[in-house]
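Working notes, beginning with the structure itself.
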Amino acid sequence: RRNQFVVPDSTIGDFAALPEGGWVWIAPDLREIRVQRHGEGVPRTFAIPDWYQNAVGIAAGAGGDEVAFVGWNAPNLDSTGLSVMSLSDGKVTHWATLFSEGSGAQWLSDGTIMLANWATQETVTLYRVHGPGRLERLGTIPRPVPVNNLAVSSDLRRVGIVTKESHGDAWMSRVVGR
């Protein structure tokens with residue numbers, strides 16, 4: 001254990017460790033982001049913008065001064081957005097909006113963000129986001145079965161993919177790395 005922390009919320013959405021100690025997480029109502037740095041007595045709370053119905057994924061930046069989060073748009077829930085929040089003042093900058101069945105984000109080593117977007121339940125497309133409105137399409141993962149989850153190395157050289165296959169009443173999960 002390197003960074004143990006008891007979250008003051010009984011349940012949380014997604015969470016991420018801050019590089020210099022502490023944690024950032026999505027509050028149980030999915031409408032707030034909470035941050036508690038090492039040595040702080042209580043968490044600070046930031047509301048997410050009204051564009052979002054809720055936040056569902058969060059990733060801490062390498063410098064620990066900002067987080068990226070993804071969430072569903074209000075009220076339709078037919079698109080997901082990617083925004084970056086400053087942890088010093090709570091200022092939010094919207095970076096991307098995509099029609100979506102789901103999405104996830106992670107910071108890359110060069111300060112860009114990898115955005116995984118499920119345009120359908122079976123298809124995931126990866127984007128490198130360089131800043132607000134600056135998406136670079138990296139490609140779609142060609143899978144005969146739905147991609148359930150994935151992780152990409154911070155240098156974009158490797159990806160781990162989790163698929164879930166249904167065969168009647170039997171389920172099998174497989175992790176594939178390239």
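The values are calculated or read from the model by the stated rules, or taken from the named source; none is laboratory data. All of these numbers come straight from a predicted model, not from anything done at the bench. So basically every Cβ, Gly included, is an ideal-geometry build from the backbone, and we count neighbours across all protein chains shown. Please note that ligands, DNA and RNA were not included when accessible areas were found on the heavy atoms of the full protein model with its side chains. Shrake-Rupley method; radii C 1.70, N 1.55, O 1.52, S 1.80 Å.
Only one of 104, 64 is more than 18 Å from residue 136 (Cα to Cα) and not hydroxyl-bearing (Ser, Thr, Tyr). Can you tell me which? Selected residue: 64, the only one of 104, 64 that is more than 18 Å from residue 136 (Cα to Cα) and not hydroxyl-bearing (Ser, Thr, Tyr).
Across segment 23-36, what is the number of residues that are surrounded by 15 or more Cβ atoms within 10 Å (Cβ to Cβ), free of Cβ contacts under 8 Å to residues at least 40 places away in the same chain and not polar (S, T, N, Q)? Number satisfying all stated conditions: 6.
Being surrounded by 16 or more Cβ atoms within 10 Å (Cβ to Cβ) and not β-branched (Val, Ile, Thr) narrows it down to one residue among 111, 90, 104; which is it? Spell out the reasoning first.
Numbers: 111 fails: surrounded by 16 or more Cβ atoms within 10 Å (Cβ to Cβ); 90 fails: surrounded by 16 or more Cβ atoms within 10 Å (Cβ to Cβ).
When all the criteria are applied, what remains is 104.
A Cβ distance below 7 Å, combined with a sequence gap of six or more or placement on separate chains, defines the contacts here; from segment 133-159, residues that are farther than 17 Å from residue 122 by Cα and modelled with pLDDT of 90 or more reach residues that are surrounded by 15 or more Cβ atoms within 10 Å (Cβ to Cβ) and hydroxyl-bearing (Ser, Thr, Tyr) in the pairs 135/127; 136/127; 137/125; 137/127; 138/127. Could you say whether any residue in segment 128-146 is among the hydroxyl-bearing types (Ser, Thr, Tyr), outside any strand (DSSP E or B) and open to solvent by 40 Å² or more (accessible area, probe 1.4 Å)? Within segment 128-146 (the criterion being among the hydroxyl-bearing types (Ser, Thr, Tyr), outside any strand (DSSP E or B) and open to solvent by 40 Å² or more (accessible area, probe 1.4 Å)), the answer is no, since none of the residues qualifies.
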